[in-house]
Amino acid sequence: MAVIAGTLGALMATLDISIVNSALPTIQGEIGASGTEGTWVATAYLVAEIVIIPMAAWLERMLGLRTFLLIAAGLFTVFSTICGLATSLEMMILGRVGQGFTGGAMIPTAQTIIAQRLPVRQQPVGIALFGVTAIMGPVIGPLIGGWLTESFSWHYAFFLNLPICAILVALLLLGLAHEPVKPALLREADWFGIAGLALGLGGLTVVLEDGQREQWFESEMICWVTALCAVGFALLFWGQATAKRPIIKLSLLRDRQFGAVALMGIVLGMVLYGTAFVIPQFLATIANYNALQSGKVVLLSGIPSLILMAIVPLLLRVLDIRLAVATGLLVMGISALMDAGLTSHSSGADFTDSQLLRGVGQILGMLFLSQAVVRAVPVEDAGDASGLFNAVRNLGGSLALAGISIVQDQRMWFHTRRLEEALPANGQAVQSHLESLIALTGNPAMAFKLIAQVIQAQALVMTYNDLFWIMGIGTLAALPLVLFLKPLPKSGVAAVMH
């Protein structure tokens, strides 16, 4: 029951990372958010997860595993309700930040339950169960969110968590024993690091998300947030130097192998979360797909992942880590480049091959990198390494979503201007097309409006192609980092990672 409870909590947390992606165009319309502002709905969750995951081990020791998970599950329910009832972007962001804090706490604790509660002979079963959860949560999220949005309302994508949390609380009460709270551990906390992590990453995200819209440092708000971000990172580094046990052990990055793993984790996080965000947006705005149809397309990447999960133990024994990670990065890079040639007539079918390839790439890349994390550091640092890897992977996703917002604004403007320049007002073809539209509509103003809509649609398609091209080339550029990896031992139990 404890393992089921931990896995259920992790499933709920990973599911909510992407459950809003396919429904985001609908949510944006109802809460009054623009397309670029809508990225906050996804980014807020990821940034909050980055902050809480490294803190989970300390909170678990201080509160006890059952109490910690009960608090997390209860607050997750509250914040899910806030999201479901949101009527403004600010209210939605508040709820998503709370969901990220409390949901992120349930991911590493699920790993702890598997590692501590199951005997060694049952560890592979627990690892496989958690692996399926970690992979399928983000994949089936858009499908479930899309189905709920089309069948009922987008609000139910958040209200779905309420009955699941009730089941989770019952399993926790039955499956885990109560442990006394240890308030003395409050003195051991790296308070400088905690504050620095929250201020630094939060401030960085605000600057990246809103900088383009606010004209960067011409905005007083951006200047103040940048200063706050700098103070945050200064506090984080101060905690590294003074705390007995820093909140996040950045010194591990000095290890050549772990540093390479962390950089590749950032890249994979950018591609995983970036493509899962961009594809539903393209299908909704260009192909006029509804939320459920978009969710089905995103789900395709989960098919090869599920198939390969069945042979995970064999893969870990047979494949060299460098070959596996290189293949994973290469496949994911190619899959992104395959989506860089979209047209205004593209539909979900055009993503089939790339999505299936993406599923193969993510299981090879993430699975073997996850194992490399704990093999790259001493045993006593395995927990810190796990937390840091999870943080940098989510950081990659957060940077990707913020970058998408910036690139989308800049390239949309660029392509629109270039297309307008390519259409001379007195050109014969332009005049002929304009005359035919006026004859069709009987209204010159409507004819000009139709031409403007075509230009906007073509510019948007070209912008999405730019995004996929950037993600593809960025992934391929990380390939040389595999040379820093060392082979995994051919015996022993696979490490539990998310």
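The values are calculated or read from the model by the stated rules, or taken from the named source; none is laboratory data. Bear in mind the structure is a predicted one, so any value in this text is a computation, not a measurement. We place every Cβ from the backbone using ideal geometry, glycine too, and count neighbours over all the protein chains shown.
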Item checked: Which numbered condition Asn288 fails, given (1) within 28 Å of Val454 (Cβ to Cβ); (2) touching a residue at least 12 places away in the same chain (Cβ under 8 Å); (3) not acidic (Asp, Glu) -> (2)
Notebook entry, point to check: Restricted to the range 218-231, and to residues that are part of a helix (DSSP H, G or I) and small (Gly, Ala, Ser), which residue is surrounded by the most Cβ atoms within 10 Å (Cβ to Cβ)?
Noted result: Ala230
Notebook entry, point to check: Hey, among the residues in the range 183-197 that are without any contact (Cβ under 8 Å) to a residue 60 or more places away in the chain and of a type in the set (A, V, I, L, M, F, W, C), which one's surrounded by the fewest Cβ atoms within 10 Å (Cβ to Cβ)?
Noted result: Ala184
Next item on the list: Could you tell me which residue of the range 383-432 is farthest from Gln281 (Cα to Cα), considering only residues that are of a type in the set (Ser, Thr, Tyr) and free of Cβ contacts under 8 Å to residues at least 60 places away in the same chain?
Entry: Ser432
Item checked: Residue check for Asp320: over 29 Å from Leu253 (Cβ atoms) and either surrounded by fewer than 17 Cβ atoms within 10 Å (Cβ to Cβ) or charged (D, E, K, R) (or both) -> no
Notebook entry, point to check: What about Leu75, is it under 30 Å from Lys244 (Cβ atoms), outside the structural domain of Ile286 (by TED's automatic domain parsing) and without any contact (Cβ under 8 Å) to a residue 40 or more places away in the chain?
Noted result: yes
Check: Of the residues that sit in the range 38-71 and are of a type in the set (Gly, Ala, Ser) and within 28 Å of Ala184 (Cα to Cα), which one is modelled with the lowest pLDDT?
Finding: Ala57
Next item on the list: Could you tell me whether any residue of the range 484-497 is under 17 Å from Leu369 (Cα atoms), in contact with an Asp or Glu (Cβ under 7 Å, 6 or more places away or on another chain) and surrounded by fewer than 18 Cβ atoms within 10 Å (Cβ to Cβ)?
Entry: yes
Check: Quick one: which of Ala340, Ala402, Ala391 is among the aliphatic types (A, V, I, L, M), under 13 Å from Leu268 (Cα atoms) and touching a helix residue (DSSP H, G or I) at 6+ places or on another chain (Cβ under 7 Å)?
Finding: Ala391
Notebook entry, point to check: Filtering the range 305-332 down to residues that are modelled with pLDDT under 80 and outside any helix (DSSP H, G or I), which residue is nearest to Leu369 (Cα to Cα)?
Noted result: Leu319
Check: Is at least one residue of the range 254-269 more than 22 Å from the chain's Cα centre (by Cα), within 20 Å of Pro54 (Cα to Cα) and not small (Gly, Ala, Ser)?
Finding: yes
Notebook entry, point to check: Scanning for something in contact (Cβ under 8 Å) with a residue 60 or more places away in the chain and among the charged types (D, E, K, R), does the range 198-211 turn up at least one residue?
Noted result: yes
Check: Are any of the residues in the range 181-202 outside any helix (DSSP H, G or I) and at pLDDT 85 or above?
Finding: no
Notebook entry, point to check: Is it the case that the range 289-304 has a residue that's of a type in the set (Phe, Trp, Tyr), on the phi < 0 side of the Ramachandran plot and in a helix (DSSP H, G or I)?
Noted result: no
Notebook entry, point to check: Does Glu30 meet the test of being in contact (Cβ under 8 Å) with a residue 24 or more places away in the chain and either assigned to a loop (DSSP other than H, G, I, E, B) or in contact with a helix residue (DSSP H, G or I) (Cβ under 9 Å, 6 or more places away or on another chain) (or both)?
Noted result: no
Item checked: Yes/no for Thr352 being closer than 30 Å to Phe152 by Cβ, under 24 Å from the mean Cα position of the chain (by Cα), of a type in the set (Val, Ile, Thr) and part of a helix (DSSP H, G or I) -> yes
Note to self: Name the residue that is farthest from Ala72 (Cα to Cα), counting only residues in the range 28-58 that are hydroxyl-bearing (Ser, Thr, Tyr) and under 14 Å from the mean Cα position of the chain (by Cα).
What the structure shows: Thr39
Next item on the list: Only residues that are at pLDDT 80 or above and acidic (Asp, Glu): list them for the range 392-451, please.
Entry: Asp409, Glu420, Glu421
Notebook entry, point to check: Restricting attention to the range 169-216, which residues are over 26 Å from Ile4 (Cα atoms) and touching a Gly at 6+ places or on another chain (Cβ under 6 Å)?
Noted result: Asp190, Phe192, Gly193, Gly196, Leu199, Gly200, Gly203
Next item on the list: Kindly indicate the residue of the range 441-464 that is small (Gly, Ala, Ser) and more than 20 Å from Ile279 (Cβ to Cβ) and also surrounded by the most Cβ atoms within 10 Å (Cβ to Cβ) among those meeting that condition.
Entry: Ala447
Checklist line | Qualifying residue in the range 250-260 (condition: over 29 Å from Ile71 (Cβ atoms), touching a residue at least 60 places away in the same chain (Cβ under 8 Å) and crowded, with 19+ Cβ neighbours inside 10 Å) | finding: yes
Check: Only one of these conditions is not met by Ala234: (1) under 27 Å from Asp381 (Cα atoms); (2) touching a helix residue (DSSP H, G or I) at 6+ places or on another chain (Cβ under 6 Å); (3) assigned to a helix (DSSP H, G or I). Which number is it?
Finding: (2)
Item checked: Single match in Ser405, Ser398, Ser436, Ser386 (criterion: assigned to a helix (DSSP H, G or I), more than 25 Å from Ile194 (Cβ to Cβ), within 21 Å of the chain's Cα centre (by Cα) and not assigned by TED's automatic domain parsing to the domain that holds Glu37) -> Ser405
Notebook entry, point to check: What is the residue count in the range 134-182 for residues that are crowded, with 18+ Cβ neighbours inside 10 Å and either touching a His at 6+ places or on another chain (Cβ under 6 Å) or under 23 Å from Arg61 (Cβ atoms) (or both)?
Noted result: 5
